[in-house]
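Notes follow the structure.
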Amino acid sequence: MNKRPDQARPTPRAGIMDIDAYVPGKSTAPAGVAKVYKLSSNENPLGPSPKAIEAAREVAAKLDVYPDGTARRLREAIAEVHGLNAANIICSNGSDEILGLLAQTYLAPGDEAIFTEHAFMVYKIYIQSAGATPVAVKETDERADIDAILAAVTPRTKIVFLANPNNPTGTYVPFQEVRRLHASLPKNVLLVLDAAYAEYVRRNDYEAGIELAGSAENVVMTRTFSKLGLGGARIGWMYGPMHIVDAINRIRGPFNVNATAIEAGIAAIRDRAHVERSVMHNEKWLTWLSEELTKLGLRVTPSVGNFLLIHFPDDKKHSAAAADDYLAARGFILRRVSGYGFPNALRMSIGTEEANRGVIAALATFLKS
Ligand SMILES: *Cc1c(COP(=O)(O)O)cnc(C)c1O
């Protein structure tokens, strides 16, 4: 029997096959490399909080029991540490999940959602998966340009995603500018402030967005535990107005945050000493690496996160691709960022002292070769 091709097997709905799947950072080195330093996913070189490890061990004996579907104790711990109202928080399976839920809740086919040129890639994926139209706007000096974002707003715009600081550039938008963006956006446009790296930022003119998300009807702030040592536990959260919390709660999975994540998360966020150690380590080595890379003649984008974007020379022999191969052969796994519009750059997560010194030594030899 002749069947039309679209009846021969299930077909994804329109647009799904146009999506380029997210490619995570590599985690393996070529065969034969003795020691691997994974510097490709912005993980915490100090590892998880020892208290989180302990809490995860304890919950292991009770894995038969469903978690609390509202993650109440985790929300309360977050609320206590950040001075928030726990009712305005939703926890999620990584902040990726909450970004996806926001797109699913507020976007329909024909709608537009804005993000910037070199922004974190998952926004585009979730916009497309909601059937809406992704609108990428130009950055200025590898930084989000508020005027360019405002110029891209149309009557069809429903969401603006702003990664602040952004990944993979590490640049940030001072809060005055974020407020100006918010003040000029139509009230029906949702402003999503993705503050995944907020804990690492040491700048007086930076704010993650707590005040704005706590007072405006069209702003949410998203956060994550991933960059502070719990990437594997998958814990993210959103803070925002009740009407948005209510809408998201209607479509999220009923037990979207698992029991291990809840217990590890509560222990981790209360372990302020571990957070402080992680931030101090980052501060020290971010500065050191920026200086050393600059001395080697490489341009680095000024970063306030726990990673650096390193730009390579134009000659083929010393390109980002060549550097990536050279470093990987020595166990240093960095992140290719061609998909982010940087074909000749690598993103390096701040690592342990050994990893950081190792990369600089290897690059010094590579650049002389
Ligand atoms: C890592 C990252 C996230 C999300 O991480 P999760 O592990 O899903 O919480 C969100 N936004 C940016 C900009 C990131 O770099």
- Message: Based on this model, can you work out whether residue 125 counts as in contact (Cβ under 8 Å) with a residue 12 or more places away in the chain and farther than 30 Å from residue 256 by Cα?
- Response: no
- Would you pick out the residues in the range 7-20 that are open to solvent by less than 100 Å² (accessible area, probe 1.4 Å) and either free of Cβ contacts under 8 Å to residues at least 12 places away in the same chain or not in a loop (DSSP other than H, G, I, E, B) (or both)? 8, 11, 12, 16
- Item | Boolean, residue 324 is of a type in the set (Asp, Glu) and not in a loop (DSSP other than H, G, I, E, B) | yes
- Query: Does residue 117 satisfy being over 17 Å from residue 20 (Cα atoms) and open to solvent by 20 Å² or more (accessible area, probe 1.4 Å)?
  - Reply: no
- Message: Based on this model, can you work out whether residue 248 counts as within 30 Å of residue 106 (Cα to Cα) and under 21 Å from the mean Cα position of the chain (by Cα)?
- Response: yes
- Checked the range 331-369 for anything outside any loop (DSSP other than H, G, I, E, B) and within 30 Å of residue 115 (Cα to Cα); matches are 333, 335, 336, 338, 339, 340, 345, 346, 347, 348, 349
- Message: Against the condition more than 16 Å from the ligand (Cβ to nearest atom) and of a type in the set (Lys, Arg), how does residue 223 come out, does it pass?
- Response: no
- Message: I'm told residue 210 meets every condition in (1) among the hydrophobic types (A, V, I, L, M, F, W, C); (2) touching a strand residue (DSSP E or B) at 6+ places or on another chain (Cβ under 9 Å); (3) more than 15 Å from the ligand (Cβ to nearest atom); (4) open to solvent by less than 20 Å² (accessible area, probe 1.4 Å) except one. Can you identify the failing condition by its number?
- Response: (4)
- On the given criteria, is residue 113 touching a Pro at 6+ places or on another chain (Cβ under 7 Å), within 17 Å of residue 219 (Cβ to Cβ), at pLDDT 95 or above and within 16 Å of the ligand (Cβ to nearest atom)? yes
- Take residue 290 and decide whether it is more than 15 Å from the ligand (Cβ to nearest atom), open to solvent by 20 Å² or more (accessible area, probe 1.4 Å), under 29 Å from residue 182 (Cβ atoms) and without any contact (Cβ under 8 Å) to a residue 24 or more places away in the chain. no
- Test for residue 66: is it more than 16 Å from the ligand (Cβ to nearest atom) and touching a strand residue (DSSP E or B) at 6+ places or on another chain (Cβ under 6 Å): no
- Task: Name the single residue, out of those in the range 232-260 being assigned to a strand (DSSP E or B) and either of a type in the set (A, V, I, L, M) or touching a Lys or Arg at 6+ places or on another chain (Cβ under 6 Å) (or both), that is nearest to the ligand (Cβ to nearest atom).
- Result: 237
- Query: Given 35, 26, 62, 3, which one is under 23 Å from the mean Cα position of the chain (by Cα), open to solvent by 50 Å² or more (accessible area, probe 1.4 Å) and either at pLDDT below 95 or among the basic types (Lys, Arg) (or both)?
  - Reply: 26
- Query: Is it the case that some residue within the range 172-181 is in contact (Cβ under 8 Å) with a residue 12 or more places away in the chain and either in contact with a strand residue (DSSP E or B) (Cβ under 6 Å, 6 or more places away or on another chain) or under 19 Å from residue 105 (Cα atoms) (or both)?
  - Reply: no
- Message: Condition first: more than 16 Å from the ligand (Cβ to nearest atom), in contact with a strand residue (DSSP E or B) (Cβ under 7 Å, 6 or more places away or on another chain) and of a type in the set (Lys, Arg). Can you find one or more residues in the range 135-157 that meet it?
- Response: yes
- Those residues of the range 74-97 which are touching a Gly at 6+ places or on another chain (Cβ under 6 Å) and within 13 Å of the ligand (Cβ to nearest atom), in sequence order: 92, 94, 95
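The values are calculated or read from the model by the stated rules, or taken from the named source; none is laboratory data. Remember, it's a predicted structure, so these values are computed and weren't measured experimentally. Heads up, the Cβs are rebuilt from the backbone with ideal geometry, glycines too, and the neighbour counts pull from every protein chain shown. We work out accessible area using only protein heavy atoms, side chains counted, and drop any ligands, DNA or RNA first. Shrake-Rupley method; radii C 1.70, N 1.55, O 1.52, S 1.80 Å.
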